[in-house]
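Below: one structure, written as C-alpha cells.
Just so you know, all these numbers are worked out from the coordinates, no wet-lab data involved. Nothing here was measured: the structure is a model prediction, and the numbers come from that model. Cβ sites come from the backbone with ideal geometry, for glycine too, and all protein chains shown count toward neighbours.
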Amino acid sequence: MTTEALRAPSPPEETTVGNYFVSNYPPFAYWSPERVGEAEAALNRAPQPGTPLGIYLHIPFCRKRCHFCYFRVYTDKDSIQIRNYLNTAIRELELYAARPFIGGRKPHFIYFGGGTPSYLSVDQLQHLTDEMKRILPWTEAAEVTFECEPGTLTEPKIKAIREMGVTRLSLGVENFDDHILEINGRAHRSKEIWRAYEYARSLDFAQINIDLIAGMVEETEPNWRECVKKTIGLAPDSVTIYQMEVPYNTTIYKEMKAQGKLAAPVADWPTKRGWVKYAFAEFEKAGYAISSAYTAVRDASKTKFVYRDCVWSGADMVGLGVASFSHVGGTHFQNLADFDPYLSKLNEGALPLWRAYTPSNDERLIREWILQMKTGEVRAVDFTHKFGVDPLVRFAEPLKKLQADGWLSVEGARVRFNRDSLLQADRLIHAFFLPQHLGDRYT
Ligand code: SF4
C-alpha cells in the first residue's frame, strides 16, 4: 500500500456524479471479455468443499424509471416479451445446473432482484419458480429474498409470493411523502405502502424489510424524521437505508449535465450521513440493533442476512438474467448487459457471459475484508485462517492511518469502525484498495 493510496480525498461536501456504494472488488472496469475463459474454467471445476451456493435472478422490468435509478431496467416490455425472458432465464439455470461446479449442491439462498420482481403476474411467478425448483430444489434454502415495489402488490400476489417459499420480503418504500415519491419518479404512492405492508404482515413472512433512501430530491429534515417515525410505527423486522448517490446513467445526472451543473439537486453528504445517524439512533431507541452501514434489525437473534453475509464472504453465486453478476470458484463474471444479445446467446444454447476477472489471493482478501468491514467489525483471525495472511500485517499501513485519524479501533484481533465511520464506510474502505484500483476507473 502506498502513501498515495492512503491519501483518500476529503469528501466533497456536495453530492456530485459517481458511485458511492462499493458492491464488489476489484472494480467492474477491470473485468474483461478476454477473460471469459476463466469463468468457463471455474464452471467446469468441482466446488471447494463447504462453499455455499446461491442463485440471483435479475427481473429487469419496472412500471416507471426512477430518476435516481442506475440499474438495467425496461419499462416497455409486454407480457410475451416478459414470458420469453423468464423462459430464457430458466434455460440459463438449466445450463448451469449441468456444470461440474454445482457438485450436487442445492441453493443455500435465492435472491430475486431488479428491476421489480413484483412486477411479474401471479401466473408468471408460479411458472418461473416451479421451473427453478424443478432444476435445483429449494429444499435446503435458508433464505429466499424477493424485492417488491409496493404499488405492484395485490393481496393474491403477496399470497402467491409467500406460497412460493419467499422468507424475506423487501419493500422498496424509499419515502412516505407522495410529493417526494412523485418528484423522484417513483411509481408508487404512500397509501400503497400501508396496504402492501398490512397484507404482507398478515401472511407471516419470516422477515419483512423496508428500504429507505436518505436524501431524495426535495427531502427535508422534518420529512425525513417523519419517514423514520412511520417506519418504526410499522415495526418491520429490518430496515435498510441507502444514502442517495447519483451515478452517471441516472436521469438526475442527465439533467445536471444538460444544465451544466456539477452538484446534484440533493442533500450534501454530511447532511445525508446526519440523517442516517439520526435514523440509526431512533431505531436503537425502538430496540433495533445496527448490523451494517445500511441496516437496522429488530431481533438480531432471529433476523439474518444470509444473501449479504454469504456474498460478502466469498460464496458461489450464479447470477441469472440480463447484466447479472456471478462469483463462482473464485472468478467474477457478468452477463451480457443488453436484452436482445442476452436472449440470443441463450437461444444459441450458450451461456450469455460478457466479462470476467479472477482475483488474486490478495485481491480476494481485500474484497472480503472491505465488504465485511461494512458490518462495522471484523475479526482478523478469520481472514488469517482463510487466506493464510494476517490482515493486521497486510493492512498495517491503512489501519494505522485510519486509527490515527480516529475512524477505527484495533482491539486484539478485532477491528471496529465507530458510528461516524460506519456512516461513510464506502468511502473509507478505499484505503484498503490496491493503488491501481483507486480513482476514476472505480465507477
Ligand atoms: S423501481 Fe428500482 S429498479 Fe425500478 S426504476 Fe426504480 S430504482 Fe430502478
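Taking 0.36 nm per residue of sequence separation and removing the Cα-Cα distance, the Arg225/Ser190 pair yields an extension gain of 11.0 nm. The stretch between Arg134 and Asn249 holds 37.7 nm of extra length on full extension. This uses 0.36 nm per residue minus the Cα-Cα distance.
Do the alpha carbons of any pairs in Lys230/Lys277; Lys304/Lys374; Lys272/Lys400; Lys106/Lys159 sit beyond 20 Å of each other, and which pairs?
From Lys230/Lys277; Lys304/Lys374; Lys272/Lys400; Lys106/Lys159, over 20 Å: Lys272/Lys400; Lys106/Lys159.
Given R0 = 35 Å, the distance between the Cβ atoms of Glu34 and Glu14 translates into a calculated FRET efficiency of 0.40.
Label-to-label distance for Thr75 and Ala97 is 3.6 nm, based on points extended 7 Å past Cα in the beta-carbon direction.
Pick out, from Phe176, Pro33, Gln372, the residue whose Cα sits farthest towards the positive end of the charge dipole of the chain, with +1 on the Cβ of Lys and Arg and -1 on the Cβ of Asp and Glu. Value computed over the given set: Gln372. The simple spin-label model puts a point 7 Å past each Cα toward its Cβ; for Ser344 and Gln403 those points are separated by 5.6 nm. Taking trypsin sites (Lys or Arg not before Pro) as exposed when their DSSP state is a loop state and no more than 11 other Cβ atoms lie within 10 Å, the longest site-free interval of the chain runs over 8-301. Taking Ala296, Ala97, Ala286 in turn, the Gaussian network model of the chain (Cα-Cα springs below 10 Å) assigns the largest fluctuation to Ala286. If you sort the three axes of the alpha carbon gyration tensor as a ≥ b ≥ c, you get a/c of 1.5 or more for the range 210-306 and a/b above b/c, which makes it prolate. Here the chain carries DSSP beta bridges of which approximately 40% are antiparallel, counting only pairs with both residues inside.
Computed about the Cα centre, the dipole magnitude for the chain is approximately 420 debye when only Lys and Arg (+1) and Asp and Glu (-1) carry charge, each at its Cβ.
Taken about its Cα centre, the range 249-383 carries a charge dipole of about 440 debye when Lys and Arg each add +1 at the Cβ and Asp and Glu each add -1 at the Cβ. When the helices of the chain are scored as -39500 (n - 2.57) per DSSP H run of n ≥ 4 and the total is divided over every residue, the value at 222 nm lands at -11000 deg cm²/dmol.
Shape analysis of the chain places it in the rounded category; the axes a ≥ b ≥ c from the Cα gyration tensor give an a/c below 1.5. Full extension of the chain segment joining Ala46 with Val381 gains 117.9 nm, where the gain is 0.36 nm per residue of separation less the Cα-Cα distance.
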